[in-house]
Every structure is written in C-alpha cells, then in structure tokens.
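Structure first, then comments.
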Amino acid sequence: MKKIKRICLARLLFFLILGIICFVLINLKCRIIIKDNVFIGVKNGIIEKKADLKVIEIPDSVTEVGILAFSDCVNLEKVKLSDDIKEIGMGAFYDCQNLKDIKLPEKLEIIRNDAFLNCKSLTEISIPSDVRVIEEGAFSECSSLTDVQLPNNITEIKEKTFNNCINLRSIYLPDSLKIIGGSAFYNCSSLSAVRMSEEIERVGENAFWGTEVFKSGMVDEYGSVYLGKVLLYNKGLNETVIVKGSTKTIANSAFIDNDRLKEVGLPEGIIEIGDKCFKNCKALKKIDIKEGLKRIGADSFAGAGVEEVSLPESITEIGEGAFNNCKDLSDINLPSGIERISGYSFENTKYLNNIKPDEYGCKYVQNILLTSENNGSSIIYIKAGTGLIGAQAFKNRKDIEEVYIPKSVEIIDSYAFFLCSNLRKVDFEEGIKLKEIKPFTFVGCKKMENIDLPDSLKTIYAYSFGDCSFTKIKIPKNVEYLDLYAIRECYLLKEIELPERLRGEYHWIATYGIKTPKLVFY
C-alpha cells in the first residue's frame, strides 16, 4: 500500500514538474494577444520583455490593431501588419520612438486618434486609398517624418494630425480634401511647400502656424496672406479689406481681435467664414456677403460691431455663438434653406431682444424657432409651419412639462431640450417628416417615462437620450443608423425594441452601474 502511494506521489510530482517546465518554456518569450481578430497587445515573457522587441509580425487573421496595442514597446523598429487590417486604434503605436519601418495595408480605412503619436524615428508614411479621415494627433510629434503620401480620396485631416513634425518639408493636399483641422500642421517648422486642395472648404485655427509657409507668405495690398484658395490670416493693418475673387474659405481666426477693420468685401463663390474669424472686430460695421456662402462658423462675428447683415439664400448653417454679443446688430435675414442654427447665435443682440415671444415664450423668425424664455407656461405648443427648432432652443427650461411638435418640423437641432428636467411628454404630430435626432437633444429629461418616436426617423446620433426615465424605448422601423451611445445613463431602461435591419449593427455598450437592457428585434 505504501509502495502504491509512493508511486502515485512520484507520478504527481513528475507531472507537476513537467507542467512547471512547460509553463516556463511557453512563457520565456513575449506573446502577442489576439481576441476576436483584434490585436490587443504584447504580454511580457519571463525572460523576454516588451521593451526588448525590435520586430513584430501581426498574423493575417487580424483586422484591427487595438487601443495602445504596442504600449511600452520602446525599442520596436519594424512592424509587419496583416493585409486584412482595416483599423489602427487610438494610440496603437504611441511612443514607439524607435519605429522606423511600417507599411500600412491597402485595406486600411481608419487611423484613430494619436495612433502614431511621438514615433520620433518614423521618416515616411503612405496612407492607403480607403482612408477618408485621419483622426486627431495621429502623427503628432513624429519629428523625423519627411515624406507623407496622402490618398486622392481623403476628405478630412483632423486637429493636430501632423503637429510638430518639424522635418516635414512639403505636402500635397489632393482635391478630395475638404477640411483641415486646427493645428493640423502646427509648428511644422520646415514646411515650405504646400499644394492646397482646390476643393477646400474649411481650415482650422493655427493649421499652418509656425511653418515656413505661414512665416514667408506673400501679403497682398489688404494685408492678407493666402494659401491656394484659403485666406489664411490678415495682418490687421487696413480699415477696408477686399477678399480676392478665387477665395473659397476664410480660415478660423483669420481677423480675430482686429480693432482697425471697418469694412470687408467678400467675393461670390466663397463657401465658409471660419470659426472666430471676425471675433471682437469692434470697428467692423459692414460686411458684404455674396451668394454661395454656406456656413458661418462658431463665434465668427462674436463681439463684432456689425449693425446689419444680409445673408444669401445659399446659407445652410450658422455656428454656435456666431453673432453672440454683437450688441448693435438690429437686423439680419434668415433664409428659408437654413438647416442648422446653433445655440447662442444671436445672444445679447438688439435683433433677438426685439423679437416678441409668443404665448409660450417662443421666439420665431419665419419658420425658425430660435429660442424661448420662461414665461410660466408648462405646456408648449410649437406653432404650425415651423421647420427648424434651433439648437438649445429650450435648454434648461425646468418649467416645461409637455411639448407638442407639429408635422412641419423637419429639424430639431442639438441640445434643443437639454436639461428640461420636468419634461415628461413629447408629442410628435402624425405625418411629421423629422429624419434625425441630434446629439444631446433629450439629455437630462429625468421625468420622461415614454416617447413615441416618429416613423420618419432615419438617424439617431450619440447622446440623443440620457438620464431619461423610460423603461422601454422602441426605435422606429425606418431608422438606418443608431449610434452605440445614443441612449446612455437611462437607469430604469429594461428593453430596447430595434428594427431587424440594425441586427449586427447595434449593440449595447456596457456602463458601470447600469443594467444591460434586453435587445428585442422586430
């Protein structure tokens, strides 16, 4: 009996030792972690550490490089990516300061925020043709980068994308490019040659600040510096400025705080006046805006001295605070084709103050509900014929309990009912053509226990609903896009009814402290 026990114990000890040896052998080196075809990261081995790796090859099955996937791979020099990769996640190669050799796969579609931030040894990069947008800071601080090849299909370069790429000398911006974000090429001090897109529509603040292009740009007789069809900035030396005829857009903050400027003439065909463009130009009394202008940016004329503004029929968007604090502004026309009027656009102006509210405290201009004020009405009937409810129109109206929206309304802009904490009923008239619910529209409507959304809806954006009290919500059958964050922090929510077309497209994003609701497809 004792002999049998010794044999069993010996066998157990043998297998235990064998297991330990196998574990050690398997874990001597680093291992790559892949889950659901996403490259998650690299796990340290017993002997080999992430910091030791110089070359990594990602298997063909991988379709996405995850968030901070290569964090702490400080000596990594070369990465061979799978040909099937479509997304490079946020900060995926952040601080890989020795990374020199990487070829982006042809199927790549998305380069997320800070993907290659601080890759100081990277000298060249070619962006594949399926990439339409490069997100914020993607190649920021890549101080050795000298060659960037952009695809002919790219439409947007977001904020700080190539910020502080101090050795980048030239860039070809294809005609597909429509938007350049703020500080996109900030302090690219060697950048002396830029071929600007012919179809550019928007250039953010300080997009080319600190570049050779910015420093040595030719100044015209009105003190303006241009880059292609973009008025980049103005020296602030002239009382009158005539913008040259080929200009398509005025960059953000181009004339900001210009206390000499009194009059501006804009050409036909200009598409956008950028954010903060004429902010605090207190002497500016007259601006001649021609047909073709589509967008007036956020705070474009905030604090300016303009008294009257004539807008062309081509205008579709007025940004947040566009004419905020223009105290002398007494008259402005709002064309019927406007699709968006953001919050505080006319705050503290004679124009808005002179509009008389209706019996429910609502202020209208033609078919646009601009704003409202608390006059004690707990029930709001929006007047028939209204087409647009402006952003923040009822924001923080704690007095409102019920709102009736007529079928004429096609657009309800962002934050329209934000923090209406006593709003419990929203009634859409039958036959309404409302297609979208914009971000933050019903956030903070704590007493809303039910909402019957109209069948006309096609899109529901992020944070459309938040902190509402409904236990169940039905997404209409015609909705084609429901943002994964459209419904958040609704603590009582138990069930979401969804059209079959959203199966596989929508899933609940788990939130700490909130029970996951049941998803029912119909």
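Here, each number is a calculation from the coordinates, and none is a lab measurement. Predicted model, so just to flag it, every value in this text is computed and none were measured. For neighbour counting, all protein chains shown are included, and Cβ atoms are generated from backbone atoms with ideal geometry for every residue, glycine included.
Annotations
- Annotation: amide H of Glu320 within the under-5 Å range of Ala298, Asp299, Ser342, sequence separation 5 or more or interchain, hydrogens built in the peptide plane.
- Listed cross-link partners Lys244/Lys294; Lys235/Lys350; Lys215/Lys248; Lys248/Lys286 are compared with a 24 Å cut-off, the Cα-Cα value being larger for Lys235/Lys350.
- Its alpha carbons considered, region 297-338 gives a radius of gyration followed by a Dmax of 10.1, 26 Å.
- Over the Cα atoms of region 247-359, the radius of gyration divided by the Kirkwood radius equals 0.94; this is the Rg/Rh ratio.
- Rg to Rh, two decimals, where region 418-522 supplies the alpha carbon set and Rh follows Kirkwood: 0.93
- In degrees, nearest ten, helix 2-26 long axis to first principal axis of the chain (Cα): 40
- Seen from Leu68, the other residues with C-beta closer than 11 Å to its C-beta sum to a net charge of -2, counting Lys and Arg as +1 and Asp and Glu as -1.
- Ordered by the count of other Cβ atoms within 10 Å of each Cβ, fewest first, Tyr172, Tyr94, Tyr226 give Tyr172, Tyr226, Tyr94.
- Taking a straight line from the alpha carbon of Lys107, these aspartates and glutamates sit under 20 Å away, with near neighbours fewer than eight places off in the same chain left out: Asp36, Glu57, Asp60, Glu64, Asp83, Asp84, Glu87, Glu124, Asp130, Glu135, Glu156.
- Restricting attention to region 418-522, close to 5% of DSSP beta bridges with both partner residues there are antiparallel.
- Cross-link partners of Lys49 among lysines (Cα-Cα below 30 Å; sequence separation of 8 or more within a chain): Lys29, Lys35, Lys78, Lys80, Lys86, Lys100, Lys103, Lys120
- Take every DSSP beta bridge whose two residues both sit in the chain; close to 20 percent of them are antiparallel.
- Cα centre as origin, Lys/Arg/Asp/Glu Cβ charges: the chain dipole, Debye: 2560
- Computed over region 343-470, the convex hull of the alpha-carbon atoms projects to a mean area of 6.9 nm².
- A Förster radius of 25 Å combined with the Cβ-Cβ distance from Ala384 to Lys285 puts the calculated FRET efficiency at roughly 0.05.
- Charge sum, other residues only, whose C-beta stays under 12 Å from Cys281's C-beta, Lys/Arg counted +1 and Asp/Glu -1: +2
- This model, with +1 at the C-beta of Lys and Arg and -1 at the C-beta of Asp and Glu, gives region 93-145 a dipole about its Cα centre of some 120 debye.
- Reported label for calculated Kirkwood radius over Cα pairs in Å given (i) 25.5; (ii) 26.5; (iii) 24.5: (ii)
- Taking 18 Å as the straight-line reach from the Cα of Lys407, the lysines in range (excluding those fewer than 8 positions away in the same chain) are Lys383, Lys425, Lys433, Lys435, Lys438, Lys458.
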